[in-house]
Amino acid sequence: MNALVATNRNFKLAARLLGLDSKLEKSLLIPFREIKVECTIPKDDGTLASFVGFRIQHDNARGPMKGGIRYHPEVDPDEVNALAQLMTWKTAVANIPYGGAKGGIGCNPGDLSISELERLTRVFTQKIHDLIGIHADVPAPDMGTGPQTMAWILDEYSKFHGHSPAVVTGKPIDLGGSLGRDAATGRGVLFATEALLNEHGKNIAGQRFVIQGFGNVGSWAARLIGEKGGKIVAVSDISGAIKNSKGIDVPSLLKHVKEHRGVKGFSGGDSIDSNSILIEDCDVLIPAALGGVINRENANDIKAKFIIEAANHPTDPEADEILSKKGVVILPDIYANSGGVTVSYFEWVQVINLWARPVQNVLMYFYVLCKLQNIQGFMWDEEKVNNELKTYMTRGFKDVKEMCRTHNCDLRMGAFTLGVNRVARATVLRGWEA
């Protein structure tokens, strides 16, 4: 099912449970702004190449819009629109003062050199710089992008607006990034998994995990789950898939992936068909790659008892119904993978409080700096970041469960009603519902 159709469907179900009137429902669904730009760059060989970039700004009732920028061949308006909407509900579920946005460029980053990626990023930033900003729309890394991409955006944006380190999050540490941001989404998946398993009287230790996707999120989730005693029995990425029923040595696999750019050929497991990864025998399945991978064609064959959605929209609505009848418990993406945007918020707050406040004179500058260092800690250490993330994830799970009890619904609808309700309340309070 199309990602936008599926996301709209879940929103409408949540709106019905909440009893929202039709005008408010419509205003929450329509994006604030849709941007489409052409980005033409000179390639290293002197030829010109054109790419299409998108930025969908969905909602800003609760604060500046927030969402990643992905570089992937399959980026299209519907996908970006769906992901922007999901970000609106995700930031509300996490209870951080952001709205939702998403962006992307239709390209294969693996086919471009570093200098070509830089030129592409700078041209894209030139096209959208007037529409993003510290208090308007704050981009972050996503699939195919990372801290270096954010550094290029920061630099290009600053050429037009002055030094603005809070215009993006997920930056390199040396440019004001947050410690713990690289691992944040994967660590959030760990905390979410712990919360769900504890609810069912279980612990991570001894559980068998299958992880589809071994990029930033999947690899960090595997590492952290392994450290907690979980057994990773199968892993896949774009290069292939491996299985070891006795448990994969994750540190060795990480080393192999760094050297060979993929899990394929790892000696510590047997090679398997990538298409079978989702139906491997396990206790917990973690889809951490693309959306729509769990569908009506494979849902009946899934053997996991729990699914933790580390990817965005990995499960189609038809698969939801099949899995629900089988008794499979699904922890939805708008809660389970919210660790990244939560730590992005921590980063944004730390930077914005120093750079974005109007400072009248030198004495006021030192007052602000001392206040930050003594009260807020200014740049938090990694332990504080991780502890705060756990607090947010634990509280978020309790909030989702409370909505499940209130509306007698599953975890997905619990998360959707929580997020939609918070955004609806902010919209009404600001007088935007008409």
Accessible solvent surface per residue of the chain, calculated while the other protein chains remain in place, 1.4 angstrom probe, Å²: 43 Å²
Would you kindly state how much longer the chain becomes between K36 and K159 on full extension, computed as 0.36 nm times their sequence separation minus their alpha carbon distance, in nm to one decimal? 42.1 nm
Given Cα positions, please report Rg to Rh for the range 232-363, the hydrodynamic radius being the Kirkwood one. 1.16
What's the whole-number percent of alpha carbon pairs in the range 171-316 lying beyond 20 angstrom? 44 percent
The relative contact order of the chain, taking Cα pairs under 8 Å that sit 6 or more residues apart, comes to a percentage of 17 percent
J(HN,Hα) series, the range 190-195, from Karplus relation 6.51 cos²θ - 1.76 cosθ + 1.60, nearest Hz, glycine and proline x: 4, 5, 5, 5, 4, 4
Listed by chain and number, the residues whose amide H is under 5 Å from that of R70, excluding neighbours fewer than 5 places away on the same chain and using placed H, are G103, G104, I105
Using a basic spin-label model with each label point 7 Å from the Cα along Cα→Cβ, how many nm lie between K246 and N108? 3.8 nm
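Determine the alpha carbon to alpha carbon distance for each of K26/K401; K303/K398; K66/K102 and list only those over 18 Å. Provide the component values of the computation, followed by the final result.
On the way: K26/K401 27 Å; K303/K398 27 Å; K66/K102 7 Å.
Going by Cα-Cα distance, K26/K401; K303/K398 fall outside the 18 Å limit.
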Using alpha carbon centers only, the range 114-149 is separated from the range 259-299 by a whole-angstrom value of 31 Å
Over the range 144-208, volume per residue of the alpha carbon convex hull, in Å³: 108 Å³
I want the local charge near S115. Using Cβ-Cβ distances under 10 Å, sum +1 for each Lys or Arg and -1 for each Asp or Glu among the other residues. -1
For the chain, with +1 on Lys and Arg beta carbons and -1 on Asp and Glu, the positive-most of L24, S271, P77 along the dipole: L24
Cα point-scatterer Debye curve for the range 55-113, base-10 log of I(q)/I(0) at q = 0.19, 0.26, 0.28, 0.30 Å⁻¹: -0.61, -0.90, -0.99, -1.08
Taking every DSSP bridge whose two residues both lie in the chain, the antiparallel percent to the nearest 5 is 50 percent
Carbon and sulfur together cover what percent of the accessible area of the chain at a 1.4 Å probe radius? 50 percent
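Can you give me the relative contact order of the range 1-147 as a percent, contacts being Cα pairs under 8 Å and 6 or more apart?
On the way: 271 pairs, mean separation 39.5, N = 147.
Across the range 1-147, relative contact order equals 27 percent.
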For the range 407-414, what does the Karplus curve 6.51 cos²θ - 1.76 cosθ + 1.60, with θ = phi - 60°, yield as ³J(HN,Hα) per residue in whole Hz, taken in order and with x for Gly and Pro? 10, 6, 9, 7, 5, 5, 6, x
Ratio of Rg to Rh for the chain, alpha carbon only, Kirkwood? 0.96
Which of I204, S178, L224 sits closest to the plus end of the dipole of the range 163-243, meaning its Cα is farthest towards the positive end, when Lys and Arg get +1 and Asp and Glu get -1 on the C-beta? I204
Determine which aspartates and glutamates satisfy two conditions relative to K258: a Cα distance under 20 Å, and not lying fewer than 8 residues away in the same chain. D111, D142, D182, E227, D237, D249, D270
When each of K305/K325; K243/K264; K23/K90; K90/K384; K255/K384; K231/K305 is checked by Cα-Cα distance, pairs over 18 Å: K23/K90; K90/K384; K255/K384
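Taking K and R as +1 and D and E as -1, what net charge do the other residues with C-beta under 13 Å from the C-beta of L179 add up to? Please report the intermediate quantities before stating the final value.
On the way: positive: K171, R181, R187, K384; negative: D174, D182, E347, D381, E382, E383, E388.
My count for the surroundings of L179 gives -3.
When ranked by the protection proxy of mean other Cβ atoms within 10 Å per residue, highest first, what sequence do the peptides 404-411, 341-348 form?
Per-residue mean Cβ counts within 10 Å order the peptides as 341-348, 404-411.
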In whole Hz, what ³J(HN,Hα) sequence does the range 396-406 give by Karplus (6.51, -1.76, 1.60; θ = phi - 60°), x for Gly and Pro? x, 5, 4, 5, 4, 4, 5, 5, 4, 5, 5
Report the per residue volume, in Å³, of the convex hull enclosing the C-alpha atoms of the range 106-193. 118 Å³
In the neighbourhood of G213 defined by beta carbon distances under 12 Å, the net charge of the other residues (Lys, Arg +1; Asp, Glu -1) is -2
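The values are calculated or read from the model by the stated rules, or taken from the named source; none is laboratory data. As the structure is a prediction and not an experimental result, all values here were calculated from the model. We place every Cβ from the backbone using ideal geometry, glycine too, and count neighbours over all the protein chains shown. Calculation scope for accessible area: heavy atoms of the full protein, side chains included, ligands and nucleic acids excluded. Shrake-Rupley method; radii C 1.70, N 1.55, O 1.52, S 1.80 Å.
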